[in-house]
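A.B. asks: Here it is: the structure, laid out below.
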Amino acid sequence: MKKQTLIIASLFILVFAYFGGSYLYKNQYAKSVDFMAKENTALFVRPHSPVYGEESATTYIIDFFDPACETCKAFHPFVESIMEKHPGKIKLVLRYAPFHTDSYYVVQMLEAAKLQDKYDQTLKVLFKYQGQWASHHSPNIALIWGYLPEAGIDVEKLKDDMKRPEIDAAIKQDIADAKTLGVTKTPQFFVNGKPLVKFGYKELEELIESEL
């Protein structure tokens, strides 16, 4: 009986230690990111970052995403719906975290699409056909070229523009910022510098509401 009690007590301690340690880690992470938001706002918004919303909006949602990420695709319209609920109060800033295979190449396409004023259209097309080109086991990036005309893209110009050094520099800057901010998966959201510690639709909406 004593042995059984000891085992149960040990399991309880291990579970407590795990959740307690996880809580302390998340709390410390949130404090660290909050400090960085106050000391270095450039980590969250760079000159090349696509920004949506009114100029006067004071609540910033930073979204580190990967165009090949299924969850990123699912959350994109959800964030848009929250912005529609609070017109003029929220800005959405898109940042890149190309963690999936060959995603760097796809992000180059997005950045090059800016030079044709077709960024939004290209992102919508990428998400629309994501299930076809972005298989996590065997992505087929070559398929994307056939979808881009739907976005009004001049494909040959895009291929040339993708080679521009400033595009490569912009993506590498986002990757470096993501690393500094502790981004390890996508999507990762920050609202006014505060990280979404517990991931979920409800949790994201509550974080945004608390900052409005």
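Computed from the coordinates by the stated procedures, all read-outs in this text should not be read as laboratory data. The model shown is predicted, which means the values in this text are computed figures rather than measured ones. Here Cβ is always computed from backbone atoms with ideal geometry, including for glycine, and neighbour counts include all displayed protein chains.
A.B. asks: Determine the sum of side-chain charges near Asp161: Lys and Arg each +1, Asp and Glu each -1, restricted to other residues whose C-beta is under 14 angstrom from that of Asp161.
C.D. replies: Values: positive: Lys114, Lys118, Lys157, Lys159, Lys163, Arg164; negative: Glu111, Asp117, Asp154, Glu156, Asp160, Glu166, Asp168.
Charge balance near Asp161 sits at -1.
A.B. asks: Tally Lys and Arg at +1 and Asp and Glu at -1 over the other residues with C-beta under 9 Å from the C-beta of Cys72: what net charge comes out?
C.D. replies: Net local charge, Cys72 excluded: -2.
A.B. asks: Label-point separation (nm) for Lys128 and Glu80, each offset 7 Å from Cα along Cα-to-Cβ?
C.D. replies: Going from the Lys128 label point to the Glu80 one covers 1.1 nm.
A.B. asks: Let me ask another. Tell me, what is the FRET efficiency for Asp168 and His137 to the nearest 0.05, using R0 = 35 angstrom and their Cβ-Cβ distance as r?
C.D. replies: Once the sixth-power term is evaluated, E becomes 0.80.
A.B. asks: Which of the peptides 201-211, 116-126, 47-57 is most tightly packed, and how do the rest follow, going by the mean number of other Cβ atoms within 10 Å of each residue?
C.D. replies: 116-126, 201-211, 47-57
A.B. asks: Net charge around Ala176, counting only other residues with Cβ within less than 13 Å of its Cβ (Lys, Arg = +1; Asp, Glu = -1)?
C.D. replies: +1
A.B. asks: On to the next question. Could you sort out which of Lys124/Lys185; Lys163/Lys185; Lys114/Lys172; Lys128/Lys198; Lys89/Lys194 sit more than 19 Å apart by Cα distance in this structure?
C.D. replies: Too far apart for the 19 Å limit: Lys124/Lys185; Lys163/Lys185; Lys128/Lys198.
A.B. asks: Could you calculate the contour length gain from Tyr147 to Asp160, that is, 0.36 nm times the residue separation minus the distance between their Cα atoms, to one decimal place in nm?
C.D. replies: Values: separation 13, 0.36 × 13 = 4.68 nm, distance 1.76 nm.
Taking Tyr147 through Asp160 to full extension adds about 2.9 nm, to one decimal.
A.B. asks: For labels at Glu70 and Lys179 in the simple 7 Å Cα→Cβ model, what's the distance in nm?
C.D. replies: 2.9 nm
A.B. asks: Moving to a separate point now. Expected output is a single nm value to one decimal: the length gained when fully extending between Thr101 and Ser49, i.e. 0.36 nm times separation in residues minus the C-alpha distance. What is it?
C.D. replies: Stretched fully, the Thr101-Ser49 segment lengthens by 16.5 nm.
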